[in-house]
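None of the figures in this text is laboratory data; all of them are computed from the coordinates on show. Being a predicted model, the structure only gives us computed values, none of them experimental. No Cβ is skipped: glycine too gets one built from the backbone with ideal geometry, and neighbour counts run over all protein chains shown.
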Amino acid sequence: MSPSEIESYSICGAGFPVLPDSGALTRAGTACAPPSVFSLLRARISGKRRGRTVEHQTGPRRIAHGTRWSNQRGFTVVELMAALLLFSIGLVALARVLPQGMEVRDRGRRMTVAMQLAREQIETLRSLPFTDPDLANGQHVDNQVLRNGTYRRRWTVQDDTPLPNMMRIEVRVAFTTSEADSEAVIVTQRTR
């Protein structure tokens, strides 16, 4: 562009330079086009102020008066207070949910250990001979201290249930949680 072409620019109503050879017309009958994005970015990055000449790939170009980005200000106090309110609501919700999640995780871990202890007892009882006192008809309590006394194991044996020459073995492992007592139950049958 020649210097005469740069001077022939004027500012249209939207704050963009008016190009004499553009197809779009403003109210006054002159063409109005937005400035090049690259020239705006280059002016912003290089720190040049509006209205000054900025070097462009095609030559010097004048930045339009209304294209300065420095008129955008930071957050207002109201916006800042609204953001802090939303953030604090989120923190309060998280603070209420976190302990519940930890309790659920703890109960799940204890239930897993209880199921493991019940399976171990089932396997032990299935490997015993039929005449063993642990397979006598009735309820039995495990006298071993299980995991620091946190778990209590007992089992019930029923002869001829559900059919003759079969026994039903039910193992229960109970444990205490913050809510109430819970227990894991495993039932199996064994034939003579």
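Some values worked out for this structure:
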read-out: Ala82/Val104 FRET efficiency (R0 41 Å; Cβ-Cβ; nearest 0.05); value: 0.80
read-out: Residue-by-residue Karplus 3J(HN,Hα) for the stretch 108-119, coefficients 6.51, -1.76, 1.60, Hz, glycine and proline x; value: x, 5, 5, 5, 4, 5, 4, 5, 5, 5, 5, 4
read-out: Cβ-based exposure ranking for Ile169, Ile186, in which fewest neighbours within 10 Å come first; value: Ile186, Ile169
read-out: Descending principal axes extents, the stretch 77-191, alpha-carbon based, whole Å; value: 83, 30, 20
read-out: Inter-site label distance for Asn143 and Thr124 at 7 Å from Cα along Cβ, in nm; value: 1.3
read-out: Cα gyration tensor shape of the stretch 145-192, rounded if a/c is under 1.5, else prolate or oblate by comparing a/b with b/c; value: prolate
read-out: Sparse-neighbourhood loop sites, trypsin sites (Lys or Arg not before Pro) in the stretch 69-168 - DSSP loop, at most 15 other Cβ within 10 angstrom; value: Arg73, Arg147
read-out: Per-residue ³J(HN,Hα) for the stretch 160-173, Karplus 6.51 cos²θ - 1.76 cosθ + 1.60, θ = phi - 60°, Hz, x for Gly and Pro; value: 6, 10, x, 10, x, 6, 10, 10, 9, 10, 10, 10, 10, 10
read-out: Integer Hz, Karplus 6.51/-1.76/1.60 couplings in order for the stretch 125-138, x for Gly and Pro; value: 5, 6, 8, 7, x, 5, 8, 5, x, 5, 9, 5, 4, x
read-out: Cut-off 18 Å (backbone N to label point 7 Å along Cα→Cβ of Thr191), residues of the stretch 96-135; value: 126-131
